[in-house]
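Nothing in this text is a laboratory measurement; each read-out follows from the coordinates by a stated rule. Computed from a predicted structure; not experimentally measured. For neighbour counting, all protein chains shown are included, and Cβ atoms are generated from backbone atoms with ideal geometry for every residue, glycine included.
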Amino acid sequence: MRSDTFGITVENISVTYSNAHLALYNASCYVQPGTITGLVGPNGGGKSTLFRTIMGFVNPNQGRIHIDGLSVKMAQKRQLMAYVPQADDVDWNFPVSVADVVMMGRYGYMNMLRIPGREDRRQVAESLERVGMVDFRHRQIGELSGGQKKRAFLARAMAQKSRVILLDEPFTGVDVKTEKRIVNLLLQLREEGHTILLSTHDLASISTFCDRTILLNRTVLAEGTTAETFTEENLSMTFGSLPLSSLNPTQVMPNQYPLSTQDQLTD
Amino acid sequence: MVHALISTFHGPLPLLGVMLNPLWQWLIEPLQAGFMVKAIWVSAFVGVVCAVLSCYITLKGWSLMGDAVSHAVVPGVVVAYAMGLPFALGAFIFGFGATVIIGYVKSATRLKEDAVIGVIFTGFFAFGLVLATKIPSNVDLFHILFGNVLGISPSDIIQTLIAGIATLVIILVRRKDLLLFCFDPNHAKAIGLNTQLMYYTLLSVLALTIVTALQTAGIVLVVAMLVTPGATAYLLTDRFDHMLAISVATSVISCVVGTYFSYHLDISTGGSIVVLMTMLFTLAMVFAPKYGLLRQKIMRQVPVE
């Protein structure tokens, strides 16, 4: 398999929901392997739908998606994709602990009874350590702060050891410190060869660490390196006419975000 | 033998013996009737099966689905009796069939799920009533609706046991996947699990559990046995294994004590079991250490730091 078939290939995807709402029309884009790619667009512009289609939660009316050259179904079976859900999509009152949630990332590697083995426990411990959640591992998930909740689910994605990690609105409802910490973890994961796709409507932060950006409003309007994509013309096409000053996009070059190791893993 | 046991209380601790004697009589006396021994262990067994499933049903938010399936089995029971087939078979086919139809109508129309469930299960139930009043059979509508564990027949016990054991085995083998399916079906899908299969697995064990509980609680009250123990336990703990244990304990206690009350006070068995369950739920709701109403009230009065 040639390396240019790696990453996520989205070809001419259209999605219509059962209420006849056309969420995506003829969207095509390519997520390069080993990059952090930001998916940007207005609310209702189809970001979540594209995510859900890539993950296989929604079946498109037309079009094809390949993950590292494989169909979505094969990619699921081979644990190629991990998903960090939006906070709103999780039942925080569910009687599971942080460690239980992270262990769920390992289910795909276990036998039918899902009895964890030594490797599963090691991966869970390591993931908890990396996100700095070891001390909270026995907490019920509803007893966590917003940032801790995000880190618990990021740990699950890490324990899954998937090449591709998708994060749906990872910075919604977290403070600046947590955002920085999550960004640091994402940069580490990129260094380790993971492909990361995240959706956000926070344009200012995306230009600080996303290598590439996809602009989406019902269809893909622009894609490329963040520097070339974040033009006033592209942004006003995506969001309608917004004053550029409110977006503050191109001050920092992508790939230049300092990968510091001191200010992580301390709480 | 009973008298020998009672007399041991009179020996070293006469006062305690006098106090315990009526309670002891109350517990032992019904057991001299064979039908009561049967009724007690059958209802205890049904209590275990319902309690285990109720944890999943509560967490998945399928209480209304449980109500639907229980009502939808009526035509199945009537047809099975009329054709001389085991009641459990007819009940399972119609109960499960109703859930499949609910799933289809929901996906094919713009209606919300609760409307679809409401339409389909009442339709099945009404059809069952029509059949029961027209088809000549010895089926007693009152027993289907309200249960009759005190008069349970050996063949009904066998059917109850088969349905109950099948339920417990399926849940035991698939318990972690079912819990993941209740908690985060998207993640289940993302790691390549067949969520469609899990949806139907949970629906089949729901139908099987209703078949199990039919003779004890009756159609009208089955849903209480499928929801109340899990709901009670959910108010008392944050851990799923504890939730299972508490659910089973409250359910079995209610089933056994409820059957005793039914015998002594000559009241409906299903009714007395469910009244006890509801009382335990109310206690949990008020006094639960973390999520109880009292605790919440105290928490509101004392601002945290």
5 Å is the cut-off here: which amide hydrogens, built 1.01 Å from N in the peptide plane, fall below it relative to A:Leu167, excluding neighbours closer than 5 in sequence? A:Val84, A:Leu197, A:Leu198, A:Ser199
If each Cα of the protein assembly as shown is one equal point scatterer, what is log10 of I(q)/I(0) from the Debye formula at q = 0.05, 0.07, 0.08, 0.09 Å⁻¹? -0.29, -0.54, -0.67, -0.81
Could you give the length gained by full extension between A:Asn61 and A:Trp92, i.e. 0.36 nm per residue of separation minus their alpha carbon distance, to one decimal place? 7.9 nm
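Can you tell me the dipole magnitude for region B:118-229 around its Cα centre, using point charges on the Cβ only (Lys, Arg +1; Asp, Glu -1), in Debye to the nearest 20?
220
Across peptide B:188-198, what mean number of C-beta atoms from other chains lies inside 10 Å of a residue's C-beta?
On the way: counts 4, 8, 18, 15, 12, 4, 0, 1, 0, 0, 0.
Mean shielding by partner chains, rounded to a whole number: 6.
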For region B:80-125, just the Cα atoms, rotate onto the principal axes and tell me the three extents in Å, largest first. 40, 15, 12
Using the charge dipole of the protein assembly as shown (Lys, Arg: +1 at Cβ; Asp, Glu: -1 at Cβ; taken about the Cα centre), state which of A:Thr178, B:Val256, B:Gly90 has its Cα farthest towards the positive end. B:Gly90
Count the net charge of all other residues whose Cβ sits under 13 Å from the Cβ of A:Arg163, scoring Lys and Arg as +1 and Asp and Glu as -1. +1
Go through region B:44-129 and name the trypsin sites (Lys or Arg not before Pro) that are in a DSSP coil and have 13 or fewer other Cβ atoms within 10 Å of their Cβ. B:Arg110, B:Lys112
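Could you grab the Rg to Rh ratio for region B:110-264? Cα atoms only, Kirkwood for Rh. Don't skip to the answer; put the middle values down first.
Values: Rg = 18.0 Å, Rh = 17.9 Å.
So for region B:110-264, dividing Rg by the Kirkwood Rh gives 1.00.
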Sequence-distant or interchain residues sharing an amide H contact under 5 Å with A:Gly41, placed H: which? A:Thr200, A:Leu216
In nm, to one decimal, how far is the B:Gln32 label point from the B:Val169 one, both placed 7 Å along Cα→Cβ? 4.0
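Could you give the length gained on full extension between B:Lys134 and B:Asp266, defined as 0.36 nm per residue of separation minus the Cα-Cα distance, in nm?
Numbers: separation 132, 0.36 × 132 = 47.52 nm, distance 3.10 nm.
My answer for the length gained is 44.4 nm.
Rounded to the nearest angstrom and ordered from largest down, what semi-axes does the equivalent ellipsoid of region B:183-276 get from its C-alpha gyration tensor (root of 5λ)?
So the three semi-axes of region B:183-276 are 31, 17, 8 Å.
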So if the hydrodynamic radius of region B:77-200 is defined as the Kirkwood radius over C-alpha pairs, what does Stokes-Einstein give as its diffusion coefficient at 4 °C and 1.567 mPa s, in µm² per second? 76
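Would you mind getting me the FRET efficiency between A:Val176 and B:Val18? Use the beta-carbon distance for r and R0 = 56 Å, nearest 0.05.
Details: r = 72 Å, r/R0 = 1.29.
Here the calculated transfer efficiency is 0.20.
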Set B:Lys60/B:Lys176; A:Lys180/B:Lys290; B:Lys112/B:Lys134, cut-off 22 Å on Cα-Cα distance; pairs above it are A:Lys180/B:Lys290; B:Lys112/B:Lys134
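Grab the DSSP H runs of the protein assembly as shown that are 4 residues or longer, score each as -39,500 (n - 2.57), total them, divide by all residues and round the 222 nm result to the nearest 500 deg cm²/dmol.
Details: 24 runs with 337 residues, N = 572.
Here the helix-only value at 222 nm equals -19000 deg cm²/dmol.
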Shielding by partners - mean other protein chain Cβ count within 10 Å, residues of B:172-183: 4
Solvent-free Debye scattering, log10 I(q)/I(0), computed from the Cα coordinates of region B:259-305 at q = 0.13, 0.25 Å⁻¹: -0.46, -0.81
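Nearest 5 percent is fine: what portion of the DSSP beta bridges confined to chain A is antiparallel? Don't jump to the answer; show the numbers that get you there.
Values: 19 of 37 bridges.
In chain A, DSSP labels about 50 percent of beta bridges as antiparallel.
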